[in-house]
Amino acid sequence: MWEIIQWVGIFGGFFILRGIIATMFFYYLLPDGDRCPSCNAVTLRVQSRVWSILMPRCRASWCYECGWHGLLRKGPLTPTATAGELTKHK
Ligand SMILES: [Zn+2]
């Protein structure tokens with residue numbers, strides 16, 4: 001009986017540890033900021049209740065230039081021109 005408990009503890013621990021390490025690895029592979037990884041255009045934030053609960057440090061994004069959608073790490077955002085700046089240059 002003790003061997004079964006040890007086996008479940010060791011392999012269960014490795015299974016959980018593998019999931020934690022894989023999650024951390026792929027989290028740092030995600031690009032940060034708001035740029036599309038496919039075409040480098042500014043993406044739009046998509047409100048997703050599921051992703052905000054599962055991955056609170058990420059933002060669900062959609063690129064309207066190429067149609068890419070996925071998760072990006074929260075990071076620096078691209079500054080956008082305000083209405084006053086747009087009329088100043090005309
Ligand atoms: Zn794109």
When you count, for each residue, the other Cβ atoms within 10 Å and take the mean per peptide, how do 23-29, 59-65, 71-77 rank with the highest first?
59-65, 71-77, 23-29
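Over the chain, what portion of Cα pair distances is larger than 21 Å, expressed as a whole percent?
Numbers: 2091 of 4005 pairs.
I get 52 percent for the Cα pairs in the chain exceeding 21 Å.
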ASN40 paired with ARG73, simple spin-label distance in nm, labels 7 Å along Cα-to-beta-carbon:
2.0
For LEU29 paired with ALA81, estimate the spin-label separation in nm (one decimal), with each label point 7 Å from Cα along the Cα-to-Cβ line.
3.8
Against the longest alpha carbon principal axis of the chain, how many degrees, from 0 to 90 and to the nearest 10, is the axis of helix 2-29 turned?
10
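We did not get these values from a lab; they are worked out from the coordinates using the rules stated. Here the structure is a predicted model, which means the values were calculated and not measured. All Cβ positions, even for glycine, are placed from backbone atoms using ideal geometry, and neighbour counts span all protein chains on display.
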